[in-house]
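A short reminder: the numbers here are calculations on the coordinates, not readings from a lab. Remember, predicted model here, so these are calculated numbers, not experimental data.
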Amino acid sequence: MAIEVDGVELNETSRGSGAAWRWSTRGAQPIDYEIQWVENKDTFLYSTRVRPGGWNVSQLDPNTWVGDGTIEGAREMVQRGLPTLPH
């Protein structure tokens with residue numbers, strides 16, 4: 001499944017711990033981005049990497065990035081929150 005926010009298509013994948021939305025920039029040195037939702041904690045992580053390097057991961061502000069514990073709520077939070085992140 002994919003959702004589009006601000007003209008960016010985010011590919012959604014299910015994970016045992018929740019879900020993740022990933023997208024990449026285009027260009028000579030693309031940057032990969034990912035927002036991961038950890039279901040049992042209802043927290044959101046933001047990851048970036050410049051290939052071939054590894055991922056840099058940080059937790060998004062839990063006071064701002066708040067879900068309702070459901071995948072639907074997590075999708076809505078990603079749609080609301082993505083415009084506030086570099087992409």
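How far is helix 71-81 tilted off the main Cα axis of the chain, in degrees rounded to 10, range 0 to 90? Between helix and principal axis, roughly 50 degrees.
What number does the stretch 1-47 give for Rg over Rh if you use C-alpha atoms and the Kirkwood radius? Don't jump to the answer; show the numbers that get you there.
Details: Rg = 11.6 Å, Rh = 11.4 Å.
With Rg and the Kirkwood Rh in hand, the quotient comes to 1.02.
As a size descriptor, the averaged projected area of the C-alpha convex hull of the chain was calculated at 5.6 nm².
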